[in-house]
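In what follows, a single structure is set out as structure tokens and then discussed.
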Amino acid sequence: MTRLKLPPWLVLLLPAIVILAAVVMIPLLLSLYSSFTPYKLTRPDSLYKWIGTFNYEKALTDAKFWAAFGRTVLLLTVALNLEMLFGLGLALMVSKVTRGQRALRTMMMFPMMFSPILVGFQFKFIFNDNVGLVNNALQSLGITDVAIPWLVDGQLAMFSIIFAEVWTATSVFAILILAGLYAIPQDPLEAAKVDGCTPWQSFRFVTLPFLMPFIYIAMAIRSLDVARAYDIVQIMTNGGPARRTELLWTLIGRTGYVDARMGYANAMGYISIFLAIFFTVFFFRKLTAARAELGMGT
Amino acid sequence: MASNATHRNRRRALKALHLFGLFLAMLVLCGPGLWIVLNSFRPTVEIMAKPPVWIPNELNLDHYRAMFGGVGEGGVPVLTYFRNSLVISVTSTAIALLVGMAGGYAFARYRFRGKAWIFVGLMCTRAVPGVALSLPLFILFARIGIIDTHFGVILAYVAMNVPFTIWLIDGFFRQVPPSLAEAAQIDGCTRWQAFWQVEFPVAKAGIASAGIFAFLTSWNEYALAAQLTRSVTSKTMPVGLLDFQAEFTLNWGGMCALAVLMIIPALILTFLVQKHLIAGLTFGGVKG
């Protein structure tokens, strides 16, 4: 009897591949198949009817889908850039502190420990137009005496969601950038000082390039998470008012579960997964380029 | 002399600005959470008061008492949820770390064809949202009969965490020079011994930080858990949070109390390991 001999790397990778295949790939293939059928949860036999690319054509010409798509891209760009800026500022401020840094670092990571669904409820509460913290504070300070409908007005609702998203994830950027700040070699900074650079110049031309890989890692991780944003929006506004905050995944969740049109929902799902993969690959290439520039190899 | 004094003044102003900025940032970061904690101790009348009551007149444990109390008086089976969450998060983190260590080690130490593609392929599985997976997974799990069990949720969470743990751990092992393990092998260790006695201890801080991320992800996950759990036998805390939501009303006080209970373990864990977390991230994430 000959025993099958596998190369060691494959043996080591096999558990990961098997689990991902079972839990991610097989369900995805199932839903890929169902995206070519008019599958409705309420009529299981509709799973066996093949209608080709009908669902995809429908999604691509659906204004609601493209509106949600645009909003997701808007949320991605606005939230990621704000998180990056705030995270950078926070990390710089915390790194300059000499005493009590450990406590500050833990406080800084406080929002990271919140479950997205909890963040959703928390900000639903805080932005409540009647008893919410924000309105109460504004009214007590005498800035306004009308109840501002944060979650009911179309534009304000999107702002509230971006606020919640930025609040949760700024720490992710801050912690990674802080790690980067600790890892900066001191020699180039000193050389810059000797050469007469202003603090701004040495930050711009020495510190920042060194931090870029850390920023891209955070961007790559977060772009995946924001592209999948569901919990927070679902809880805060449920895509409302009048679909003004409808994102890709709330739209898909609604189409799949509430309207029970699973086949159509899956077709939209596949189009949006490509969006997420595009962003991941994009930041991955940026990361590799930034690493190469710093001579960190691949 | 005059320039010296202005210089000193400027430094003092900058320092004050720095402290003020830090204070403001921490206020924004911690404020909403602290407000939730405060509200969990306040009677509902005060939470809903209009005009608002800023200085609490009365703090009590009513919401906690109700939460731990019987189901009839607004309580939820919170201890069961807590236990479910703990079992599921700890087990899935442990398994994800083992699988991630094996995979990360393979990526860090071996050369093989299609390595970059397999790596990117693994990462892309993370692009799939819980909502997209939940229905097909539900159908699949229902067929095998592992719906509403700890095992089913653990399996799903392991798959969710593995790509990221592999990515981080791969970075940490790349930091450990291969010559270390080779030297140990020359001294008579087997490859296995060399791994556990030389390479593992060096990469430990990094592996711990990968573990924290995995734990927090599974502790906080909602979309998958909401589909894969049906009853108290497997519901986790984030799903349990919805027990406080009736059709038109929300029991804010009770919800705040459960939220506090949910944050405490994460807070303790993060405080204990945050030093390693930073060291680990420096190590692993970037310098591949």
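Of everything in the stretch B:139-166 that is open to solvent by 10 Å² or more (accessible area, probe 1.4 Å) and at the interface with chain A (Cβ under 9 Å from one of its Cβ atoms), the residue that is nearest to A:Arg261 (Cα to Cα) is B:Ile139. Yes or no: the stretch B:47-70 includes at least one residue that is at pLDDT 75 or above, farther than 30 Å from A:Leu10 by Cβ, within 14 Å of chain A (Cβ to nearest Cβ) and in contact with a Phe, Trp or Tyr (Cβ under 8 Å, 6 or more places away or on another chain). The answer is no; no qualifying residue exists. Residue pairs whose Cβ atoms lie under 7 Å apart, sitting 6 or more positions apart in sequence or on different chains, and linking a residue in the stretch B:259-273 that is at negative phi to a partner that is of a type in the set (S, T, N, Q) and surrounded by fewer than 18 Cβ atoms within 10 Å (Cβ to Cβ), are B:Thr270/A:Thr106; B:Phe271/A:Thr106.
A Cβ distance below 7 Å, combined with a sequence gap of six or more or placement on separate chains, defines the contacts here; from the stretch A:241-257, residues that are under 15 Å from A:Ser34 (Cα atoms) and polar (S, T, N, Q) reach residues that are modelled with pLDDT under 75 and open to solvent by 30 Å² or more (accessible area, probe 1.4 Å) in the pairs A:Thr255/A:Arg261. Residues in the stretch A:108-132 that are aliphatic (A, V, I, L, M) and crowded, with 19+ Cβ neighbours inside 10 Å: A:Met108, A:Met109, A:Met112, A:Met113, A:Ile117, A:Leu118, A:Val119, A:Ile126. When the stretch B:170-207 is filtered for residues that are within 14 Å of chain A (Cβ to nearest Cβ), small (Gly, Ala, Ser) and under 30 Å from A:Phe110 (Cα atoms), the ones remaining, listed by number, are B:Gly171, B:Ala205, B:Gly206. Among the residues of the stretch A:267-279, none qualifies, meaning not one is over 24 Å from A:Phe121 (Cβ atoms), open to solvent by 10 Å² or more (accessible area, probe 1.4 Å) and not in a helix (DSSP H, G or I). Every condition in (1) modelled with pLDDT under 75; (2) of a type in the set (D, E, K, R); (3) open to solvent by 80 Å² or more (accessible area, probe 1.4 Å) is met by A:Lys40 except one, and the failing one is (3). Under the condition of being open to solvent by less than 20 Å² (accessible area, probe 1.4 Å) and among the small types (Gly, Ala, Ser), which residue from the stretch A:62-101 is nearest to A:Ile215 (Cα to Cα)? So the residue we want is A:Gly87. Checked against (1) over 26 Å from the mean Cα position of the chain (by Cα); (2) surrounded by 24 or more Cβ atoms within 10 Å (Cβ to Cβ), A:Trp249 passes all but condition (1). Applying the criterion of at least 1 residues that are open to solvent by 30 Å² or more (accessible area, probe 1.4 Å) and in contact (Cβ under 8 Å) with a residue 12 or more places away in the chain to the helices (runs of 4 or more DSSP H) found wholly in the stretch A:147-238 leaves A:154-183, A:186-194, A:208-227, A:231-236. Of all residues in the stretch B:103-115, those satisfying the criterion of being at the interface with chain A (Cβ under 9 Å from one of its Cβ atoms), free of Cβ contacts under 8 Å to residues at least 60 places away in the same chain and either surrounded by fewer than 19 Cβ atoms within 10 Å (Cβ to Cβ) or over 30 Å from A:Phe274 (Cβ atoms) (or both) are B:Tyr110, B:Arg111, B:Phe112, B:Lys115. If you go through the stretch B:29-40 and keep only what is within 10 Å of another protein chain (Cβ to nearest Cβ) and surrounded by fewer than 16 Cβ atoms within 10 Å (Cβ to Cβ), you end up with B:Cys30, B:Gly31, B:Leu34, B:Trp35. Taking the criterion of being at pLDDT 80 or above and facing chain A (nearest Cβ under 9 Å), the residues of the stretch B:266-288 that qualify are B:Ala266, B:Leu267, B:Leu269.
Scanning the stretch B:221-254 for residues being open to solvent by less than 10 Å² (accessible area, probe 1.4 Å), at the interface with chain A (Cβ under 9 Å from one of its Cβ atoms) and at pLDDT 80 or above gives a total of 2.
The values are calculated or read from the model by the stated rules, or taken from the named source; none is laboratory data. This one's a predicted model, so the numbers in the text were calculated from it and none came from an experiment. Neighbour counts run over all protein chains shown; Cβ positions are idealised from the backbone, glycine included. Surface accessibility is based on the protein's heavy atoms, side chains included, excluding ligands, DNA and RNA. Shrake-Rupley method; radii C 1.70, N 1.55, O 1.52, S 1.80 Å.
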